[in-house]
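**Student:** Encoded as structure tokens, here's the structure I'll be asking about.
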Amino acid sequence: MAFEKLFEPSNIGTCNLMNRIIMAPMANINMADPIGRPTEKMIAYYRERAKGGTGLLITGLVPVSFGIDPTVSEDNDTTYFPRIDGTSRTRLSGWRDLTAAVRPYGSKIFIQLSAGLGRVGSPEPALKGKVLRSSSFNKNFYVPQIPHFPLSDRKIRKIVKSFGQCAVNAKVSGFDGVQIHGHEGYLMDQLTSDPWNRRKIGRYRNKFQFGIDVVKEIKKSCGDDFPIIYRIDLTQALEESYGKDIFKKQFRGKERKIEEGLEFCKVLHEAGVDAFDVDKGCYDNWFWPHPPAYFDDAIYAEELAGRLRSYFQKENIDAKVIAVGKLGKPEFAEKVLDNGWADYVMLGRPLLADPYWTKKVKDGRVKEIIHCIGDQEGCIESFKMGGHICCAVNPYAGFEDSKKLIRTDVMKRIAVIGAGPAGCEAAMTAHKRGYDVTLFEKTDHIGGQLHFAGKMMIKHDIRRYLENLQFQLDLLIEDGLKVEFNK
């Protein structure tokens, strides 16, 4: 299958892209030093995805609200997030190193700026006497007994100003544009949608106003030619997820419906947004913005991106649309573009599992792609437990700075017992390092428990991974790796 649409050059505002593949914002947490400066770990992580041919990289969440939203800081005002606020030259030096690292490979890079966490942030600061903040009086997502108090209009305006300063810092650090983090129930979403913004007075009782002000501030600070992507949940899908009764009781029957999402995008474009990447859901229905293994491929590309793009065409709005959500199978990514549902596809976990996804598709090596299995153990659970992003099927993800495949100088014969996924990976890695490897398996096939795990129809991600594992092993068998079955 040809993938012509995926590799058409295009542009977002003044930013020219070599293809239509965008890396989703992920992986900043615990990859910066105590002052928020990117470390070599973060730089190596993005460099690897640039080497893999991705057209546009977007960093993970970078808050602009330090000193206002206490949930983005820890003890002694340290943070597990990177920082680009303020005027620290030391901090900016790390960002300059990052943008310089991806440039030689033709990739462009945007920074994702966030208003903060609000009600979905850790409740720990409240236990230390700090007042937690949100758009209105809201319960903490994790500990509902702990309240978040409304931000004043003055504090919100300070966040708006900080967006402008951070965008300027990003521009002078070599970033090609910014993505505004406006989705999934984070503070920006809390201020711009009904479930959490119940303000009755002041400028920000208008739920669209905060988004408008942020966009205009960035354009005023950086110029009209500095591109902006806005990440939005076109609908929070709360009624769809919970049913009418719980929706009415828990969320007062309020949410952003798709029709309102379309209207909001129009208003944001008029303020200066160049492109929108659209997903669905929030923290209260986590499975929508983070589709698990049992969801279908391209789960809501037509429903959301397709709907928004049709709306833009009808209204003669010149803004680009980015589709997201289980697009790791190349034929589905191509289909989204070919059907006109979106201008770009955004890949998150597929580029964790295989940084060279783009290059392999372009070179016609689709069978070599290492596929995400959707278990969310490395990409999400790892940093929830205090680590940084990694991947169940790619041991180098998040460790590009330290884990290297080094050829041995001393030949050894190695026996690996059991051809389950761990045994196969061990044998293949040892062979690539130059050892004389024999893999022993008591059955007549590889995969071990993957065969049982992949039997259910909904476990297509597991079956896809098993097929790739067999393909990778076959390539190395041709290269001299020995496999003994029924032994």
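**Student:** For R133, indicate whether it is farther than 16 Å from R231 by Cβ, basic (K, R) and surrounded by fewer than 23 Cβ atoms within 10 Å (Cβ to Cβ).
**Tutor:** On the way: farther than 16 Å from R231 by Cβ: yes; basic (K, R): yes; surrounded by fewer than 23 Cβ atoms within 10 Å (Cβ to Cβ): no.
Here the answer is no, as R133 does not meet what is asked.
**Student:** Ok, one more. Could you look through region 259-276, keep only residues that are under 22 Å from the mean Cα position of the chain (by Cα) and either assigned to a loop (DSSP other than H, G, I, E, B) or at pLDDT below 95 (or both), and pick out the one that is surrounded by the most Cβ atoms within 10 Å (Cβ to Cβ)?
**Tutor:** Step by step, filter region 259-276, then rank; the result is V273.
**Student:** Still on this structure, please answer the following. Can you tell me which of (1) within 16 Å of the chain's Cα centre (by Cα); (2) outside any loop (DSSP other than H, G, I, E, B) is the one N28 doesn't meet?
**Tutor:** (2)
**Student:** Among the residues of region 59-85, what is the count of those that are touching a Cys at 6+ places or on another chain (Cβ under 9 Å) and surrounded by fewer than 17 Cβ atoms within 10 Å (Cβ to Cβ)?
**Tutor:** 0
**Student:** Within region 185-221, how many residues turn out to be in contact (Cβ under 8 Å) with a residue 60 or more places away in the chain, more than 23 Å from A237 (Cβ to Cβ) and of a type in the set (D, E, K, R)?
**Tutor:** The qualifying residues number 1.
**Student:** Still on this structure, I have one more. Only residues that are of a type in the set (A, V, I, L, M, F, W, C) and within 17 Å of the chain's Cα centre (by Cα): list them for region 277-300, please.
**Tutor:** The answer is V278, C282, W286, F287, W288, A293, A298, I299.
**Student:** So, one more: Residues in region 391-408: is at least one exposed (fewer than 12 other Cβ atoms within 10 Å of the Cβ), free of Cβ contacts under 8 Å to residues at least 12 places away in the same chain and among the hydrophobic types (A, V, I, L, M, F, W, C)?
**Tutor:** No: zero hits.
**Student:** Among what's in region 122-138 and is of a type in the set (G, A, S) and free of Cβ contacts under 8 Å to residues at least 60 places away in the same chain, pick the residue that is farthest from A275 (Cα to Cα).
**Tutor:** Of everything passing the filter in region 122-138, G129 is farthest from A275 (Cα to Cα).
The values are calculated or read from the model by the stated rules, or taken from the named source; none is laboratory data. Since this is a predicted model, take the numbers as computed values, not measurements. Reconstructed Cβ throughout: ideal geometry from the backbone, glycine too, with neighbour counts over all protein chains shown.
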